[in-house]
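Take a look at the structure below.
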Amino acid sequence: MPKAFLIDTTRCTACRGCQVACKEWKNLPPVPTRQTGTHQNPPDLNPFNFKLVRFSEHMDKNGVVSWYFFPDQCRHCLAAPCKMASSDPAAILQDEATGAVLFTDLTAKEDFETIRGACPYDIPRQDPASKRLVKCDMCIDRVRANMLPMCVKSCAMGAMNFGERDEMLKLAAARLAAVKKTSPKAQLLNSDDVAVIFLVADDPLKYHKNAMAEAIQPMTRKQFMAKAISPLRRIGGQTVG
Amino acid sequence: MPSETAPAPTASRHIEADAARLRREVPALSSVIDCFVPVLAAQAGVREEAPGWTGPLPARDEARLCAGEFLLSGSGFQDIAPCLPLAAARILPVMAASFPALARQLTALQAALRGPDAPLAAVAAAAFSPDRAAVPGVSPEVLGFAARQMAKPLLERQARDLAPLVQDIPWRRTFCPVCGDAPAFTRMLRVQDEAEYITGHGGHRFLRCATCETEWRYKRISCPKCGNEEPARLSVMHAEGRPFERLDVCEACNTYCLCLDCAEFIAIPDPAIAALAMLPLEMRAREQGYAPLVAQPWSASLERPAA
Amino acid sequence: MGLSRRGFLKLTGAGAAGLALGQFGIDLRPVSAYAAGLKIEGAKEFISICPFCSCGCNTLVHAKDGRIVNVEGDPDYPVSGGGLCAKGAALLSLHTSPERLTKPLYRAPGSDKWEEKDWDWMMERIARRIKDQRDRDFKRTNAAGQEVNRLESMFHLGSSQVSNEEAAVLHQMIRAYGIIHFDHQARICHSASVPALAECFGRGAMTNHYNDIGNADAVLIMGSNCAEHHPMTFKWVIKAKEKGAVVMHVDPKFSRTSARSDFHVPIRSGTDIAFLGGMVKHIIEKKKYFADYLLDYTNASFIVGEKYHFKDGMFSGYDPAAKRYDKSQWAFEKDEQGMVKRDRSLKHPRCVLNLMKAHYDRYDLDRVSQVTGVSKADLLRVYEAYAATGRPDKAGTVIYALGWTQHSVGVQNIRLSGLIQELLGNIGIAGGGINALRGEPNVQGTTDHALLYGYLPGYHSTPTANYQTLAEYLKAYTPVTKDPKSVNWWSNRPKYVVSLLKSWYGDNATRENDFCYSYVPKMEPHQDCSHLYIFDRMYKGQITGGLCFGHNPCQSIPNINKVRKAWDNLDWVVIGEVFHNETTDNWRRPGVDPKTIKTEVFLLPSAYRAEKDGTISNSGRWHMWHYKAVEPLGMSRNMGEMFVEMMNRVRGLYAKEGGAFPEPILKADYPETFDAEAVARRINGFFTADAKVGDKDYKKGQLVPGFPHLKDDGSTTSLNWLYCGGYTEEGGNLAKRRDLAQTPMQARIGLFPGFAWAWPMNRRVLYNRASVDQHGKPFNPDKAVIAWQDGKWVGDVPDGGYPPMAMEGGKYPFIMTTEGHAQLYGPGREDGPFPEHYEPAETPLTRNPFSGQMSNPCMKVIQSDVDILAKNGDPRFPIVLTTYSLTEHWCSGSETRNAPPLLEAEPQQYIELSPQLAKEKGIKNGDVVIVESLRGKTEAVAMVTVRIKPFQVMGKTLHLVGMPFAFGWTKPKCGDSTNRVTVSIGDPNTTIPEYKACLVNIRKADKVTEL
């Protein structure tokens, strides 16, 4: 049965527990970082950070400040464009039982820019040593053993949820209805197309330029490559905030 | 605070699926699984079909509950005798198939419970007083065992209807808030706090009643038998590679209780199957001189040599 | 047929006992074989406590084979429900960090390296150092010839990290040496809270507790960013919000607390009294106060003497030479019987309410808005929402932290919130109170145990030279009232002081020898030995050696350039720490040649929290036991062992060699070894003779059941009366209790009386006698704290077990104040009976619109060549700097900078500034800027953010910037202490430094050297 995440950003406080837990489970080394004028750190996803809490702040015309947090990660698309874009069908797999989109060692032979460009959310990164492409794998080892993904396990705010897709959709609908009472612009992002469903309280572009994508149709690699892909499918493209 | 009662169990318990998984993971348990899982499944069926609590619910006296008087302390459960034919029809044939050594007596019992003059009251009583010989051709111990297996789902079903009466009561005892029995199983569960700020990562301990399967919250690092809370005299035993199945051992009173740590699970396993999975651990604990707080049907007489 | 309990209890009790598995016909051999081959792992679980903020989150520490393998939140801790914040989540990696200090290290004078030494070598040399210095510098008498028995040239600093038991043995050792320069983190984080809250209500602690915040109808968070810095507090704020409470955040910066509040109101740092003064005016003018409460439970009707007056910012009795008031001029008027005069009609012009009304009459919206930079609309929004709690059935709570304490008016900031809470009847009730979020993990406990120069354990002032006998001392500090309805609990002080002396000196303390009172070092009256003065004297060469445990002053004290130079002047210093920090390694700091530093440094590796047992007291006064899960890493030891060995070694030397006034050391009743459980018993105290309490007999040596039974005749001991009752013959060590049971009444407000133990006598909500009317009926029955039912109190432990006021024997509810009332007018603080707005010591204004007095006339100003202040409105430094913490790092950062994930997330010093200021200064987001004050400069990365706004103050645009104080030089490229630019200015009552407001300028760095 396919699994899904509900990431309720209205509950996220940017404690970054998920960001840290992901690294620890995956044994990814600390990245030397610098302060660059934001609390968002590291500044972007990288080969050693598959999960990143993005910070954005805004002031409306009345001077009211809002501060948004977005725990970014692979969306595990139901019809994954990265998989469509890969030259070797064995390079990127989709796990039948869970729906997890998995990058194998064979991704080392794929063209990184093509795969990255295919992703509407700009998720894939390349390991500089092995040339493998890397990203969140839904903690597939854990999920197969009936264990929650680390980011979900570590979330102390109830922002990260994981379970059967139908249950998550139900939860998402309930949370959306609750949040809409105070935030009329609240919405679920690409919930029909992805396994990682974000709930946001405001315009998704205010959270992250790649928070949302156009709907994706399943197609063959040939069809897929025939279309201009990168970065047109990203709705944003402008840095906001 | 997180809710005082355990999250509602998933709609259908995946007994068969969980059993199949256990069989894959621990093939050595196959024979025990083969015998007991059909019985557990039959009991689950009876639990769903049984009438539950009939008529008005007992009065809920918050003050008395808080003072430690369990809900049924004055009245007891409602009579299960009228439901025994149903339970017998569902459970006894399965038991007979599972336990060939008992088949003849179980079949006799089933027959006795079929007629208009069936000794329903006597069999119901035997569930609670196993020494009573009430049915010809059935030994007191087999009658007691079978009666208890039939009574349990009926009582569980009644308790399910009573559960709302003890919900939100800060019940912090080592016995069941509904029927007063001791816990036979414990679980650590992840409880989602409705407050949108810093919830726990799980690990809330719930004790599960041996008789009616009601669950209630209880503090960790404490022995439900003797109350010992010195961490140096409490320990956790688990088998390498199966860290979530643990025996919580008290060195003060030499007791253990079964505990399933569900904090990291996606789907919560069926408690009965989880308990069955811990039979090997129990065997090791018995060898070391520990006794169970409450025995499981398959582990009650482990200290006796297998025939 | 109903089945009786007897019947069905046997259902599984008998289980399948009648049937052996074999009888089922099952072949068990495969299972048995499988079981026999299993590799069984054994683990232990221990309750420990997070060593960061005062939320005191209990943790479950899993240990296997003597190693910590996992740390998680304890789901049974009512405050956290098992959650942990980012720092708490890093506990495992911090405990097992390769950066931990695991061996004693020695740095010889002039050396450029550490040398590993063994404990014996270190301890022997330390004891020698202590004794030599003591023998050389000990003073038997002062200049006036009075016996003082003190050692001025040696200090002790730290620590709020120690357990209560460690604090108790530490305090005893320090006083035995004669040390008076004795201070710890409470001074710099919350010292202002104690005198402020005590003046209002009688005790200096957080009035309610964390869970209780969930009962509030209005939450005013001011001077706190609790969502980030006391995360579990905010859990209960959100609980209250979900139930309909309005949550307001008044703070200079928009933070995560603001993001989750109903609204945020930015305020110029240092103007809280103006803001709150406006609220007092609003409440009085709009008659929003709770009239009965005001009349019956506060001193609103008391009549103040004629000598009191207030003119142009100054109260009567000021002595400009001493910069001190003659407080006798502020006394109440008394009748011939000695009773304070009252006018219950509240018409008398000098009754407290009318004086207060007159005082705050100047705090009109225009003026307050002009000074604070808060719009009038925002002021009214807060005033109206909060004043709405002045009804019997509504509760408002105030949550504050260092944003209020760290000012030259720190005490009066808090006092004023007390006035508001008294007016609204919000003290003693569920969901009310003033919730002082204490800083460090055990800062409440270590304040109770008085690791502070001015107190002995249990809040008894340190004796001064003018009180040469115990009788003189006790007379001076034991208040007297003529009002029979006032409990005046401090009239019991002699019992507590004598019991303390009996604990310290055992059988040597007798009535005949004044219970060895003369052994206790005496200070000079008004002598200030707090941090700022310790470092000033160190800087001037008057203090030359000392002890520093679990504290990082070379990072965290204002004007740090001076502090670091002062530290260079030490001949020797003993430091106990978990990690290297800016203090341990001061001798090798950038820009300094170690050869020129003469200090001999003894660095002792300390056990970390999960490696030791003992108690800490969370901010809500819950006294909680934590267990030792594993042995301390490497050769590290707990500080209690270090103190006890140190003292016993010094004692051994004195026994052998004699020396300067050895009596306090040789005659101390002091443990041979450190055992937390044994010390916990000593803290509670024993009977020294057979005694009878009620109808129960106690033998000599048995534990005293509670502080009401302590005696002033030497028949009892107690190292701290507040904690007496926490370890009893009947209940054992109550700090270990984990019972979550509650009555329905208790459960409605989340009281948890069976979880751990709270001082005093397990009261969870202080002053709860004020939550009921004269007949003992709760003002708000839905959230009753206590109630008089069937001739007794139910609910919480009543704060004074007397019958209700209207009954015979009824007493006033504020049992700790002399006259039994909460004090709107407080005649005991240094800087006035009513809080008055003064500008910070460094202010961008040139005029204070409230009066002709610019800054607090009594504030402590440190005088040295490097303690310089910018002039009012100094055009060179037009920007207000405020400093604060951040979620990922703890205090000075000396621990958390060793957690790679925390450092990855927050790696470097930064400065938050508004886009407007950035534009004005030509600074882009991410640029490195130089932050400069008259004291020094430092580098920081610009974080240009709309979360900081410019203020409109006195018709001009004023900019404020904010910097965290967690980044220091010992981690490369982290940047360095914000305290290079802050001021050595202190509040007159406690000398808490004014970290929160000073003047700076910023510019884009042309060269970056530190980041």
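Summary table below
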item	result
Yes/no for C:K241 being over 25 Å from the mean Cα position of the chain (by Cα), open to solvent by 10 Å² or more (accessible area, probe 1.4 Å) and within 14 Å of chain B (Cβ to nearest Cβ)	yes
Elements of type helices (runs of 4 or more DSSP H) contained in segment C:368-434, each with 2 or more residues being touching a residue at least 12 places away in the same chain (Cβ under 8 Å) and touching an Asp or Glu at 6+ places or on another chain (Cβ under 6 Å)	C:410-423
Segment B:213-230, residues that are within 9 Å of chain C (Cβ to nearest Cβ) and part of a loop (DSSP other than H, G, I, E, B)	B:Y218, B:K219, B:R220, B:I221, B:S222, B:E229, B:E230
Residue within segment C:137-153 that is touching a Leu at 6+ places or on another chain (Cβ under 8 Å) and over 26 Å from C:T469 (Cβ atoms) present	no
Test set (1) surrounded by fewer than 17 Cβ atoms within 10 Å (Cβ to Cβ); (2) touching a strand residue (DSSP E or B) at 6+ places or on another chain (Cβ under 9 Å) - C:Y838 fails condition number	(1)
Segment C:727-744, subset surrounded by fewer than 16 Cβ atoms within 10 Å (Cβ to Cβ) and more than 14 Å from B:E229 (Cβ to Cβ), residue farthest from the chain's Cα centre (by Cα)	C:P744
Qualifying residue in segment C:134-153 (condition: acidic (D, E), open to solvent by 10 Å² or more (accessible area, probe 1.4 Å) and part of a helix (DSSP H, G or I))	yes
Test: C:L170 is open to solvent by less than 10 Å² (accessible area, probe 1.4 Å) and under 25 Å from C:Q555 (Cβ atoms)	yes
Unmet criterion (only one of (1) surrounded by fewer than 23 Cβ atoms within 10 Å (Cβ to Cβ); (2) part of a helix (DSSP H, G or I)) for C:G214	(1)
Residue ranges of strands (runs of 3 or more DSSP E) in segment A:1-109 with at least 2 members over 28 Å from A:G163 (Cα atoms)	A:52-59, A:65-72
Unmet criterion (only one of (1) under 29 Å from C:P494 (Cβ atoms); (2) open to solvent by 10 Å² or more (accessible area, probe 1.4 Å); (3) among the small types (G, A, S)) for C:A747	(1)
Condition check for C:K235: within 14 Å of chain B (Cβ to nearest Cβ), at pLDDT below 95 and under 16 Å from C:A385 (Cα atoms)	no
Failed criterion for A:T98 (all others in (1) β-branched (V, I, T); (2) within 13 Å of another protein chain (Cβ to nearest Cβ); (3) surrounded by fewer than 19 Cβ atoms within 10 Å (Cβ to Cβ) hold)	(3)
Subset of segment C:247-290 (residues that are part of a strand (DSSP E or B) and within 14 Å of chain A (Cβ to nearest Cβ))	C:V247, C:H249, C:F263, C:H264, C:V265
Hey, C:L94 under 32 Å from the mean Cα position of the chain (by Cα), closer than 22 Å to C:D568 by Cβ and crowded, with 19+ Cβ neighbours inside 10 Å or not	no
Test set (1) touching a residue at least 40 places away in the same chain (Cβ under 8 Å); (2) open to solvent by 10 Å² or more (accessible area, probe 1.4 Å); (3) in a helix (DSSP H, G or I); (4) not hydroxyl-bearing (S, T, Y) - C:Q329 fails condition number	(1)
Of all residues in segment B:6-28 being open to solvent by less than 80 Å² (accessible area, probe 1.4 Å) and farther than 17 Å from B:C262 by Cβ, the one that is modelled with the lowest pLDDT	B:S12
Residue count, segment B:133-157 (criterion: open to solvent by 10 Å² or more (accessible area, probe 1.4 Å), assigned to a helix (DSSP H, G or I) and among the hydrophobic types (A, V, I, L, M, F, W, C))	0
Some residue of segment C:437-457 being crowded, with 24+ Cβ neighbours inside 10 Å, closer than 27 Å to C:A300 by Cα and not aliphatic (A, V, I, L, M)	no
Counted residues, segment B:106-148 - those being within 11 Å of chain C (Cβ to nearest Cβ) and of a type in the set (S, T, N, Q)	2
Filtered residue count, segment C:316-357, keeping only those that are under 33 Å from the mean Cα position of the chain (by Cα) and among the charged types (D, E, K, R)	6
Some residue of segment A:15-26 being under 26 Å from C:D927 (Cα atoms), surrounded by fewer than 23 Cβ atoms within 10 Å (Cβ to Cβ) and away from every other protein chain (no Cβ under 11 Å)	no
Whichever residue in segment A:1-14 is more than 13 Å from chain C (Cβ to nearest Cβ) and not β-branched (V, I, T) and, among such residues, is surrounded by the fewest Cβ atoms within 10 Å (Cβ to Cβ)	A:M1
Residues being in contact with a strand residue (DSSP E or B) (Cβ under 6 Å, 6 or more places away or on another chain) and either modelled with pLDDT under 95 or small (G, A, S) (or both) - total across segment C:461-508	2
Among the residues listed as A:A215, A:A145, the single one being closer than 28 Å to A:L106 by Cα, away from chain B (no Cβ under 14 Å), surrounded by fewer than 22 Cβ atoms within 10 Å (Cβ to Cβ) and small (G, A, S)	A:A215
Residues of segment A:62-74 satisfying the condition of being of a type outside the set (A, V, I, L, M, F, W, C) and either in contact with a Cys (Cβ under 9 Å, 6 or more places away or on another chain) or more than 12 Å from chain C (Cβ to nearest Cβ) (or both)	A:Y68, A:P71, A:D72, A:Q73
Residues being open to solvent by less than 20 Å² (accessible area, probe 1.4 Å) and either outside any helix (DSSP H, G or I) or closer than 17 Å to C:K522 by Cβ (or both) - total across segment C:112-133	0
Residue match in segment B:212-220 (condition: under 30 Å from C:A227 (Cβ atoms), surrounded by 22 or more Cβ atoms within 10 Å (Cβ to Cβ) and modelled with pLDDT under 90)	no
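To keep it simple, each residue is scored yes or no on (1) outside any loop (DSSP other than H, G, I, E, B); (2) within 10 Å of chain C (Cβ to nearest Cβ); (3) in contact (Cβ under 8 Å) with a residue 60 or more places away in the chain.
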{"position": "B:D193", "(1), (2), (3)": "no, yes, yes"}
{"position": "B:Y197", "(1), (2), (3)": "no, yes, no"}
{"position": "B:G202", "(1), (2), (3)": "no, yes, yes"}
{"position": "B:R208", "(1), (2), (3)": "yes, no, yes"}
{"position": "B:A232", "(1), (2), (3)": "yes, yes, no"}
{"position": "B:V236", "(1), (2), (3)": "yes, yes, no"}
{"position": "B:L247", "(1), (2), (3)": "yes, yes, no"}
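The values are calculated or read from the model by the stated rules, or taken from the named source; none is laboratory data. Note that the structure is a prediction, hence the values are computed from the model and not measured. As a convention, Cβ positions derive from the backbone with ideal geometry for all residues, glycine included, and neighbour counts pool all protein chains shown. When the accessible area is computed, the model is the full protein with side chains, heavy atoms only, and any ligands, DNA or RNA have been set aside. Shrake-Rupley method; radii C 1.70, N 1.55, O 1.52, S 1.80 Å.
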